[in-house]
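Below is one structure, written out as structure tokens; the observations come after it.
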């Protein structure tokens, strides 16, 4: 009798871990549209996961790979100099694909 109750206690955490893993996999499939290379894209992904799946910010950040303190920061404003630099880098990489 003891072993039966112990085995059911062991199975319950395993089932919970499996359910969480399946939820994480389904959330990652939702994000499969593009790579999450920048913090801004990860912020948007965390917000989307929270809305669609109803998970906490902590859980969504863990799935996306975003630190929670980064999630809470406001994105920095893009300056005019940076806009010009980005435009020149894009033009350069278009002109010389091997280098850019």
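The values are calculated or read from the model by the stated rules, or taken from the named source; none is laboratory data. Quick caveat: nothing in here was measured; it's all calculated off a predicted structure. Cβ placement follows ideal geometry from the backbone for every residue including glycine, while neighbour counts extend to all protein chains displayed.
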Selection from the stretch 38-50 of residues that are more than 14 Å from residue 23 (Cα to Cα) and free of Cβ contacts under 8 Å to residues at least 24 places away in the same chain:
38, 41, 44, 45, 47, 48
Can you pull out every residue in the stretch 53-97 that is surrounded by 12 or more Cβ atoms within 10 Å (Cβ to Cβ) and assigned to a loop (DSSP other than H, G, I, E, B)?
55, 66, 67
Return yes or no: is residue 58 modelled with pLDDT under 90 and within 27 Å of residue 29 (Cβ to Cβ)?
no
